[in-house]
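I have placed the structure first, in the form of structure tokens, so that the comments after it can refer back to it.
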Amino acid sequence: MSVLSTESLTLSYGESIIIKELDLQIPKGEITVFIGGNGCGKSTLLRSLARLLKPQGGSVLLEGNHIAKLPTKEIAKQLAILPQGPSAPEGLTVLQLVKQGRYPHQNWLKQWSKEDEAAVNRALDATGLTELADRAVDSLSGGQRQRAWIAMTLAQETDIILLDEPTTYLDMTHQIEILDLLFELNEKENRTIVMVLHDLNLACRYAHQLVAIKNQSIYAQGRPEDVISCNLVKEVFDVQCEVTQDPIFGTPLCIPHGKGRCILPQLGGDHEKQAVTV
Ligand SMILES: Nc1ncnc2c1ncn2[C@@H]1O[C@H](COP(=O)(O)OP(=O)(O)OP(=O)(O)O)[C@@H](O)[C@H]1O
Ligand SMILES: [Mg+2]
């Protein structure tokens, strides 16, 4: 069953149409990853799924209900989003930021509770930020700041989590840690995860479903092993690549052509075009 879906969704900025008449299904309890070149509309689409952007046409359905008609707090109880390049007010601490994630769970009857406190502590712990809780967000490194935003998104404790390039700025260890954490939330708690990733190989490793976007619509959609091919990468990213199997996970592994310092003798110096079978 689709937890989020779009019906003939058209998104635009003024006259410029970014996504045209898109029908998309996001399966419940799965990890869906949007891929596509810079500027193809991934962030625009993700934001519209969280009602941060009003469609020019068509609709977004959350559990079958028109998202446009749902109260904001209702949406925020079901769905959290980490947009691309968020910015925090000057001087706001990590703890204050992460606490913001709890706002949908509060009202004039139910003020800050032990449950809220526990959710915030869990999110800080999961993102390795407990020690940095009192630091100002704008004084952190790029990767630490990104993790603070992820912590805020996690503290919301929603069944659906949307993340726009969550691994940006993160070193290899933290990239894997964050993606493993999302994978566990999916596996153990059946959370639905939708994210934009630029690293195709990590996308193939973690996604149940890939959605490749090109020319205002879906170019291909399905399991990475069914979708990823040299042809798709050429069409979607305009780059020649070899597709092999990830030696650890068995998922597709894309190796782009291009220039580079080749140290394999059999290539005879032509590093640019030849494929290498390792
Ligand atoms: N606020 C805006 N006003 C006008 N045009 C916009 C706005 N935001 C994005 N665009 C344009 O819409 C198109 C899609 O942008 P979007 O940010 O969705 O791309 P993207 O696929 O997320 O790219 P990236 O991989 O670089 O993040 C781009 O051409 C962009 O310039
Ligand atoms: Mg984007």
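Since every read-out is calculated from the coordinates, none of them should be taken as a lab result. Given the structure is predicted, the values throughout are model-derived calculations rather than measurements. Quick reminder, even Gly has a Cβ in these numbers, built from the backbone with ideal geometry, and neighbours come from all protein chains shown.
Would you mind counting up the charge near residue 45? Only other residues with Cβ under 14 Å from its Cβ, with Lys and Arg at +1 and Asp and Glu at -1.
Details: positive: 20, 42, 47, 51, 54, 214; negative: 7, 21, 23, 164, 165.
For residues surrounding residue 45, the net value is +1.
Two decimals is fine: what's Rg over Rh for the range 125-275, C-alpha atoms, Kirkwood radius as Rh?
1.03
Given the convex hull of the Cα atoms of the range 1-103, what is a quarter of its surface area in nm²? The partial results should precede the final answer.
On the way: hull surface 31.6 nm².
With the hull built on Cα positions only, its mean projection is 7.9 nm².
From the helices alone, meaning DSSP H stretches of at least four residues, give me the mean residue ellipticity at 222 nm for the chain, per-run term -39500 (n - 2.57), in deg cm²/dmol to the nearest 500. Please report the intermediate quantities before stating the final value.
On the way: 9 runs with 86 residues, N = 278.
Value at 222 nm, helices only, nearest 500: -9000 deg cm²/dmol.
How compact and how long is the chain, expressed as Rg and Dmax of its alpha-carbon atoms in Å?
20.1, 74
Run the quick spin-label model on residue 92 and residue 21: label points 7 Å from Cα toward the beta carbon, then report their separation in nm to one decimal.
My value for the distance between the label points is 4.0 nm.
Using amide H atoms built in the peptide plane, which far-off residues or other-chain residues are under 5 Å from residue 35 H to H?
Residues meeting the amide H criterion: 211, 212, 213.
Classify the range 1-48 as rounded, prolate or oblate from the Cα gyration tensor: take a ≥ b ≥ c as the square roots of its eigenvalues, call it rounded if a/c is under 1.5, otherwise prolate when a/b beats b/c and oblate if not.
Details: a/c = 2.86, a/b = 1.57, b/c = 1.82.
Oblate, because a/c is 1.5 or more while a/b does not exceed b/c.
FRET efficiency for residue 263 and residue 139, Cβ-Cβ distance as r, R0 = 30 Å, nearest 0.05? Don't jump to the answer; show the numbers that get you there.
Details: r = 42 Å, r/R0 = 1.39.
Efficiency, from the Cβ-Cβ distance: 0.10.
Which part of the range 154-198 falls in the paramagnetic zone of residue 103, meaning amide N under 19 Å from the point 7 Å along Cα-to-beta-carbon?
Once the point is set 7 Å along Cα→Cβ of residue 103, 154-164 turn out to lie under 19 Å by backbone N, inside the range 154-198.
Taking the chain as a Gaussian network, where each spring joins two C-alpha atoms under 10 Å apart, which residue of 172, 152, 195 fluctuates the most?
172
Figure the gain on full extension for residue 240 and residue 112 (residue separation times 0.36 nm, minus the Cα-Cα span) and round it to one decimal in nm.
40.7 nm
Quickly work out the residue 230-to-residue 73 label distance, labels modelled 7 Å from Cα along the C-beta direction, and quote it in nm with one decimal.
Here the answer is 5.7 nm between the modelled labels.
With every atom except the alpha carbons ignored, what do you get for Rg and Dmax of the range 123-174, in angstroms?
10.8, 31
Report the paramagnetic label zone for residue 255: residues of the range 169-211 whose backbone N is under 15 Å from a point 7 Å from Cα along the Cα-to-Cβ axis.
Once the point is set 7 Å along Cα→Cβ of residue 255, 201 turn out to lie under 15 Å by backbone N, inside the range 169-211.
Starting from the Cα of residue 59, step 7 Å along the direction of its Cβ; do the same at residue 176; then give the gap between the two resulting points in nm.
4.5
At 1.567 mPa s and 4 °C, plugging the Kirkwood radius over alpha-carbon pairs of the range 62-184 into Stokes-Einstein gives what diffusion coefficient in µm²/s? List each step's numbers first, then the result.
On the way: Rh = 14.9 Å.
It diffuses with D of about 87 µm²/s by this estimate.
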